[in-house]
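The structure under discussion appears below in the form of structure tokens.
The values are calculated or read from the model by the stated rules, or taken from the named source; none is laboratory data. Not measured: the values here are computed from a predicted model. Heads up, the Cβs are rebuilt from the backbone with ideal geometry, glycines too, and the neighbour counts pull from every protein chain shown. Remember, those area values only see protein heavy atoms, side chains included, never the ligands or the DNA or RNA. Shrake-Rupley method; radii C 1.70, N 1.55, O 1.52, S 1.80 Å.
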Amino acid sequence: MPFPQTRLRRLRATPVLRDLVRETRLDPGDFVLPLFVEEGLDGRGGRGPIHAMPGVDRLSIAGAVAEAGEAHALGIPAVLLFGIPADKDEEGSGAWDDEGAVQLATRAIKDAHPDVLVIADLCLCEYTSHGHCGLLRADGSVDNDASVELLARTALSQAQAGADVIAPSDMMDGRVGAIRAALDEDGLGDTPILAYSAKFASAFYGPFREAADSTPAFGDRRGYQMDPANGDEALREALLDVQEGADMVMVKPALPYLDVVRRVKDATHLPVAAYNVSGEYAMVKAAAAAGYLDERAAVLEALTSIRRAGADIVITYHAKDAARWLQ
């Protein structure tokens with residue numbers, strides 16, 4: 001039988017041809033760099049290593065400003081701020097402290113680098129003494145509606161400090177609508193919301209909890225974060241957030257949930273972010289350190305897969321390295 005005329009290998013023959021027909025492109029402009037800002041580090045060298053995440057540190061305010069500037073110079077447009085307070089309490093009051101870590105870092109970054117987009121992660125877990133993402137009832141469960149009031153208060157504090165985007169990550173029902181209403185009533189109607197809409201109760205968050213000092217003192221977060229088995233529910237979450245006023249939506253983690261990224265993108269038609277989380281980062285770092293894989297090739301392949309699945313924005317601790325490799 002004659003060989004078929006269609007030969008797909010023709011367009012793979014040279015680097016120039018492969019580049020010309022490449023369907024998905026990766027660019028530093030797609031990335032957001034997460035930063036952990038810790039109160040009190042200015043007097044202790046400005047950095048604190050995170051052992052589970054080689055190459056990532058807790059930062060002082062000055063350190064966060066320097067990191068944001070370095071990211072901007074590499075073409076990375078945005079940073080995502082997490083705050084680690086000096087003191088914690090039952091309510092997580094450090095979250096809405098106008099002199100808190102995220103608020104001070106936001107002002108300092110915007111003063112030094114006005115073109116850097118500052119996204120403020122909005123949650124109470126780093127600030128509560130019990131490590132959960134909201135206020136607790138007497139039985140130890142999280143009180144959804146009372147927590148939403150504090151989240152809206154925190155969103156106002158972050159936006160008033162100059163945050164360009166508010167990103168609620170707590171997974172309380174109704175929080176996007178409450179935050180949107182609070183921002184609008186305070187004259188901050190132009191501040192967009194990036195909702196952690198499909199945030200799964202994932203084993204891949206382990207290193208983050210060291211980084212943000214946010215491990216629950218008891219129990220887990222399965223009562224409010226999503227069951228990893230549920231894809232349809234992820235769409236319901238995303239569509240509810242859209243109805244409540246979210247301007248962008250997020251899927252977290254990224255790599256184990258690429259199918260969800262695609263479904264959310266198709267269903268919402270909004271900008272979709274995917275968070276390449278701490279466990280995903282740590283696995284690649286550990287395998288590369290052991291000589292099991294090529295770090296550069298693995299990282300770029302993983303980030304490309306996230307974009308191919310439909311993510312417009314990739315939040316990743318690899319952002320600076322990937323930006324250098326793409327130059």
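For region 45-87, enumerate the residues that are open to solvent by 10 Å² or more (accessible area, probe 1.4 Å) and part of a strand (DSSP E or B).
47, 48, 49, 57, 58
Output the residues belonging to region 28-63 that are among the hydrophobic types (A, V, I, L, M, F, W, C) and without any contact (Cβ under 8 Å) to a residue 60 or more places away in the chain.
Within region 28-63, 41, 59, 61, 62 qualify.
State the number of residues belonging to region 301-320 that are over 13 Å from the mean Cα position of the chain (by Cα), hydrophobic (A, V, I, L, M, F, W, C) and not in a loop (DSSP other than H, G, I, E, B).
Counting residues in region 301-320 that are over 13 Å from the mean Cα position of the chain (by Cα), hydrophobic (A, V, I, L, M, F, W, C) and not in a loop (DSSP other than H, G, I, E, B) gives 3.
Take the residues in region 89-117 that are in contact with a Gly (Cβ under 7 Å, 6 or more places away or on another chain) and free of Cβ contacts under 8 Å to residues at least 60 places away in the same chain; name whichever of them is least open to solvent (accessible area, probe 1.4 Å).
As a first pass, look at region 89-117 and keep what is in contact with a Gly (Cβ under 7 Å, 6 or more places away or on another chain): 94, 100-102, 106-107, 110, 112-113.
Cutting the leftovers down to free of Cβ contacts under 8 Å to residues at least 60 places away in the same chain gives us 94, 106-107, 110, 112-113.
Values: 94: 17, 106: 1, 107: 78, 110: 45, 112: 54, 113: 48 Å².
Taking the candidates together, the pick is 106.
Give the residue that is nearest to residue 184 (Cα to Cα), with candidates limited to residues of region 234-257 that are in a helix (DSSP H, G or I) and open to solvent by less than 40 Å² (accessible area, probe 1.4 Å).
241
Within 13 Å of residue 225 (Cβ to Cβ) and part of a helix (DSSP H, G or I): is that true of residue 205 in this structure?
Yes, satisfied.
When you check residue 153 against the structure, is it basic (Lys, Arg) and surrounded by fewer than 24 Cβ atoms within 10 Å (Cβ to Cβ), yes or no?
yes
Considering each residue of region 6-44, count those that are in a loop (DSSP other than H, G, I, E, B) and of a type outside the set (Ser, Thr, Tyr), and give that number. Before the answer, list the steps.
Taking region 6-44 as the starting set, the residues that turn out to be in a loop (DSSP other than H, G, I, E, B) are 6-7, 13-14, 21-27, 39-40.
Those still in the list that are of a type outside the set (Ser, Thr, Tyr) too: 7, 13, 21-23, 25-27, 39-40.
Total satisfying the criteria: 10.
What are the residues in region 200-233 that are open to solvent by less than 20 Å² (accessible area, probe 1.4 Å), hydroxyl-bearing (Ser, Thr, Tyr) and in contact with a Cys (Cβ under 8 Å, 6 or more places away or on another chain), if any?
214
Does residue 298 satisfy being in a helix (DSSP H, G or I), within 29 Å of residue 52 (Cα to Cα) and touching a Leu at 6+ places or on another chain (Cβ under 7 Å)?
no
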